[in-house]
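We did not get these values from a lab; they are worked out from the coordinates using the rules stated. Keep in mind it's a predicted model, so treat the numbers as computed, not measured. Methodologically, a virtual Cβ is constructed for each residue, glycine included, from the backbone with ideal geometry; neighbour enumeration extends over all protein chains shown.
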Amino acid sequence: MNAKKDIITLAIETSCDETSVAVLKNGREVLSNVISSQTDLHKKFGGVVPEVASRKHIESMNAIIQDALDKANITFDDIDNIGVTYGPGLVGALLVGVATAKALAFGKGIPLVGVNHIEGHICANFIEYKDLKPPFVCLVVSGGHTHLVYIKDYGEYEILGKTRDDAAGEAFDKVARALGLGYPGGPEIDKLAKIGDKDAIDFPRVYLDNDSYDFSFSGLKSAVLNYLNNNKQRGVEIKVEDVAASFQQAVIEVLAEKSIMAAKEKGSKIIAIAGGVAANEGLRALLKKRCEEEGLEFKYPSKILCTDNAAMIGCAAYYDFIKGYRADMTLNAVPNLKLGQR
Ligand code: KG4
Ligand code: ZN
């Protein structure tokens, strides 16, 4: 009797400022997940500079692929499919990953799968929880995206709501910048929020219409900026940790309550979170508590799987691969690729 052959996926992620290559076995077992962050390079500009990001991806790529293969103890000959992020993201950055994946796929005759970055974030939960199966509700909150999604099946999504303006992570980064904190701002605010008073300032909770799952964070961001300007003008001392804690609370309450509302409407017993902002300790603690109160299960990936990494892309690629999806040599970067679009 033939033992079922394992499927080995090589995954490449370059949509923003992390160059990452991972190797996975059967979609959910991570053999290696090498992440080279460019944060230090972009820090002095206060945000990601697209052209700098693309150039750095090119410089790093070959060594990171080799490192990922070595750590997984495999060679190119062991790879059954290559998954690559082709959108959404920065076009130049995405192109480096796509061109690399196409070259490898063509040169070695390995099937190629194009992956949506947001879908990758959601799949981080499948790596973290080996028994997790759809359907469930997932809140995807990152620097570029804020989506509330019903995961109907592997690769099948119903978007319940999304941000109408800033992404949650973008709001964190902009407020952090106004507070004179470093880039990226989310982790800095998260740290300060632990020592600040979350009830010190009553920033607006923007729920939009009662039954909408959409989000809006630009009004909240303006409220924080106005608060800072007014107090500066009046010479009132600003307690940065209280601003951080109060702002974070206004964001996470809305994120948590809308997720719970969505789970109830969909009859989902599970709420999962994903994306860089899912690393936020305040959000994790609040959703854990609220899910316990509502009798729901709460799932959250470890922090390294929340922020950008190729392992999550490999997991998404695996499920597409076993369904028969294949990309050809016309695969191109799609900077504004939507979830569910191919
Ligand atoms: O998923 P990600 O690495 O990249 C995108 O796809 O956008 O997310 C990066 C975002 C940044 O806005 C960063 O400030 C935010 O995630 N972030 C956090 C935390 N860690 C990262 N936001 C709040 N609290 C955190 N602990
Ligand atoms: Zn991301």
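Quick check: from the Cα gyration tensor, does region 268-328 come out rounded (a/c under 1.5), prolate or oblate? Show your work: numbers first, answer last.
Numbers: a/c = 4.55, a/b = 1.85, b/c = 2.46.
In terms of gyration-tensor shape, oblate.
Between R234 and F106, what is the spin-label point distance in nm, taking each point 7 Å from the Cα along the Cα→C-beta axis?
6.4
Let's see if you can work this out: charge +1 on each Lys and Arg Cβ, -1 on each Asp and Glu Cβ, no other charges. What is the dipole magnitude of the chain about its Cα centre, in debye to the nearest 20?
Details: 40 positive and 45 negative charges, 36 e Å.
For this selection, approximately 180 debye.
Once Rh is set to the Kirkwood radius over Cα pairs, what Stokes-Einstein translational diffusion coefficient, in µm²/s, holds for region 174-224 at a temperature of 20 °C and a viscosity of 1.002 mPa s? All intermediate terms of the calculation are to be shown ahead of the outcome.
Numbers: Rh = 12.5 Å.
Stokes-Einstein gives a translational diffusion coefficient of 171 µm²/s.
Along the Cα→Cβ direction, 7 angstrom out, place labels at Y129 and N26. What is the inter-label distance in nm?
Going from the Y129 label point to the N26 one covers 2.0 nm.
Quick one: 3J(HN,Hα) in Hz for region 121-130, Karplus 6.51/-1.76/1.60 with θ = phi - 60°, rounded, Gly and Pro as x.
Each residue of region 121-130 in turn: 4, 4, 5, 3, 5, 5, 6, 5, 10, 5 Hz.
Dividing the convex hull volume of the Cα atoms of the chain by its residue count, what figure in Å³ per residue is obtained? The partial results should precede the final answer.
Values: hull volume 46.0 nm³, N = 342.
In the chain, the Cα hull volume divided by residue count equals 135 Å³.
If only Cα atoms are counted, what is the Rg of region 133-301, and what is its Dmax, in Å?
16.0, 55
Could you tell me how many degrees, from 0 to 90 and to the nearest 10, lie between the Cα long axis of helix 91-108 and the main elongation axis, the longest principal axis, of the Cα atoms of the chain?
That helix lies at roughly 20 degrees to the long axis.
Taking the Cα atoms only, what angle lies between the long axis of helix 310-323 and the longest principal axis of the chain, rounded to 10 degrees?
Approximately 50 degrees, to the nearest ten.
Given labels modelled 7 Å from the Cα in the Cβ direction, how far is it in nm from K289 to E257?
1.5
Taking 0.36 nm per residue of sequence separation and subtracting the Cα-Cα distance, how much length would be gained by fully extending the chain between F45 and E281, in nm to one decimal? Before the final figure, lay out the partial values.
Numbers: separation 236, 0.36 × 236 = 84.96 nm, distance 2.65 nm.
Between F45 and E281, full extension yields an extra 82.3 nm.
Cα axis of helix 50-72 to longest principal axis of the chain: angle in degrees, 0 to 90, nearest 10?
Approximately 50 degrees, to the nearest 10.
Check L160: other-chain or 5+ apart residues with amide H under 5 Å from its amide H, H built from backbone geometry?
Amide H neighbours of L160, under 5 Å, 5+ apart: L148, V149, Y150.
Please compute the length gained on full extension between N336 and T75, using 0.36 nm multiplied by the number of residues separating them and subtracting their Cα-Cα distance. Numbers along the way, then the final one.
On the way: separation 261, 0.36 × 261 = 93.96 nm, distance 3.35 nm.
Extending this stretch completely gives an extra 90.6 nm.
Which whole-number percent gives the relative contact order of the chain, counting Cα pairs below 8 Å spaced six or more residues apart?
Numbers: 757 pairs, mean separation 86.2, N = 342.
This gives 25 percent for the chain.
For the chain, with a Gaussian network of springs between Cα atoms less than 10 Å apart, report the residue from G219, G169, G295 with the top mean-square fluctuation.
G295
Under a Cβ-only charge scheme (Lys and Arg +1, Asp and Glu -1), can you give me the dipole magnitude of region 42-146 about the Cα centre, in debye to the nearest 20? Please list the in-between numbers first.
Details: 9 positive and 10 negative charges, 75 e Å.
With Lys and Arg at +1 and Asp and Glu at -1, about 360 debye.
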